[in-house]
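In what follows, a single structure is set out as structure tokens and then discussed.
The values are calculated or read from the model by the stated rules, or taken from the named source; none is laboratory data. Keep in mind that this is a model prediction, so the values were computed, not measured. Quick reminder, even Gly has a Cβ in these numbers, built from the backbone with ideal geometry, and neighbours come from all protein chains shown. Side chains are part of the model used for accessible areas, which takes the heavy atoms of the whole protein and leaves out ligands, DNA and RNA. Shrake-Rupley method; radii C 1.70, N 1.55, O 1.52, S 1.80 Å.
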Amino acid sequence: MTLHRRHAFTCEPRRCIDFWLIYILSIVFNFHGLLVAYSNSTFMEQFATPEAIGALYTIGSALAVLSFLFISRILRKVGNAKLTLGLALLEVLALVTLGFTTHAATAIVAFVTFLVLNPLLYLNIDIFSESLIGNNESSTGSKRGLTLTLMSVAAVFGPLALAFIVGDNDANLHTTYYVSASVFSIFILIVLAKFRHFCDPVYSEIKVLSAIHGFWEQKDIRNVFLAHFVLQVFFSWMVIYFPLYLATHIGFTWDIIGSIIAVGLFAYVVCEYPVGILADKYIGEKEMMAAGFLILAVSVSWISFMATAPVLAWMILMFISRVGASLVEATTESYFFKHTKGTDANIMSFFRLTRPLAMLVGALAGSVTLLYLPFELMFIVLGFMMIPGIFFTIALKDTK
């Protein structure tokens, strides 16, 4: 799905919407999602095996991809504000259901529903953001950069809140879904109060074959797309399997797990903005991207040998791994958008699909790995999966 921008104030009601509301929506969205994202797999283990949980992520991600491809038809009929409200209400219902249900089938349906809705709501926020920026492209970088920074800060507090709520009692996991639903209600109230008169841009559907052909024919676009996809596979495994491993195999309680994850996520707050400046002004993206993949490959593999390590060592390792991830994330996005322009809308839209696509592939690959290997060895497999990212990076033409 692509957006064709109208003039920034073609519709008079848009004057009532301040861009700082996008920052609030982004913070609330990221915080409520990260509050449950890392505990989902452990929570769902009471209803399914680890292999089956991976399959659920695969199903949810596949449905999200399909929904993404056809969502423009709904947007043209009801508009982004109404669709956002509808999806947000359904997500709150799914979260509340997960909080109280003890029935496996009900929990599975609610969980898959959450997996489908969450990336679509991220797209809704993106539509609000792009439309409010309008034709003033000179402000895009600063506003996007501040949005990502605030989302990174919110991401740190999500696992910390999880640690506080659950503590050392896994029975409290269900409470996180009530808290997440309550927090997300703020999102609904803001959209209802401030975005109900939102003036929609002109929506057009993703031309999938055209997008695939476009990025495949351009070597640098193809390689940075694949590098970004490898990174998203890393994210998918770490969200699904890393907390599950710490909880079920290492035996850490959730106050410890949440603290370990929060320390790791703090690397994004520290690193991503400076990395962007370095890429723009000094050394370009290629060197930092390759270094990031090397750090990822080594650090994630080392998880397999950390069974008896103290909590501080886990925190250090998680921080190092996320330094690598922040290097790759900041440089792949910077490189991609330096090599695209407004007329490449289909390619840019396809680039947005990397997250649900990688979740689909990552969840499926993780489930298959667990069928044949002990849990701890899957992180060595993930380390090897990061190595192609280095080769994709090497093949890029540097910007400096």
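Some notes on this structure:
- Looking at segment 355-400, the accessible area is 49 square angstrom per residue; that uses a 1.4 Å probe and ignores ligands, DNA and RNA.
- Rough spin-label spacing in nm, given labels placed 7 Å along Cα→Cβ, for TYR282 and GLU45: 4.2
- Length-normalised contact order for the chain - Cα pairs under 8 Å, 6+ apart - percent: 28
- Rough spin-label spacing in nm, given labels placed 7 Å along Cα→Cβ, for THR308 and ASN169: 3.3
- Computed FRET value (nearest 0.05) for PHE375 with VAL208, which takes r as the C-beta separation and R₀ as 35 Å: 0.45
- Rolling a 1.4 Å probe across all protein chains gives PHE384 an accessible area of roughly 140 Å².
- Semi-axis lengths, Å, the chain, gyration tensor of Cα atoms, sqrt of 5 times eigenvalues: 31, 27, 19
- Computed on segment 235-287, the Cα convex hull volume stands at 90 Å³ per residue.
- Just the protein heavy atoms count here, and of the accessible area of the chain at 1.4 Å, carbon and sulfur take up 69 percent.
- PHE19-HIS249 FRET efficiency (beta carbon distance; Förster radius 51 Å; 0.05 resolution): 0.70
- Label-to-label distance, LEU146 versus LEU189, with points set 7 angstrom from Cα along the beta-carbon direction: 2.3 nm.
- Scattering curve values for segment 29-113, log₁₀ I(q)/I(0), Debye with Cα scatterers, q = 0.15, 0.19, 0.20, 0.23 Å⁻¹: -0.63, -0.96, -1.04, -1.23
- Exposure rank, largest accessible area first [TYR23, TYR38; 1.4 Å]: TYR23, TYR38
- Area accessible to solvent at LEU189, 1.4 Å probe radius, in Å²: 110
- Computed FRET value (nearest 0.05) for ALA52 with ASP398, which takes r as the C-beta separation and R₀ as 30 Å: 0.10
- Ranking HIS103, HIS339 from most to least accessible surface, computed with a 1.4 Å probe over the protein chains only, gives HIS103, HIS339.
- Helix-derived mean residue ellipticity, 222 nm - over the chain, DSSP H n ≥ 4, -39500 (n - 2.57), to 500: -26500 deg cm²/dmol
- Packing rank of 161-167, 248-254, where each peptide gets the mean count of other beta carbons within 10 Å, highest leading: 161-167, 248-254
- Note on PHE100 and ILE387: the extension gain reaches 99.1 nm, defined as 0.36 nm multiplied by sequence separation minus the Cα-Cα distance.
- Span-rule helices in the chain, defined as complete DSSP H runs reaching 15 Å or more along the axis (Cα) with Kyte mean at least 0.0: 20-37, 50-78, 80-100, 104-133, 140-166, 173-194, 219-245, 254-281, 286-302, 311-338, 354-372, 378-394
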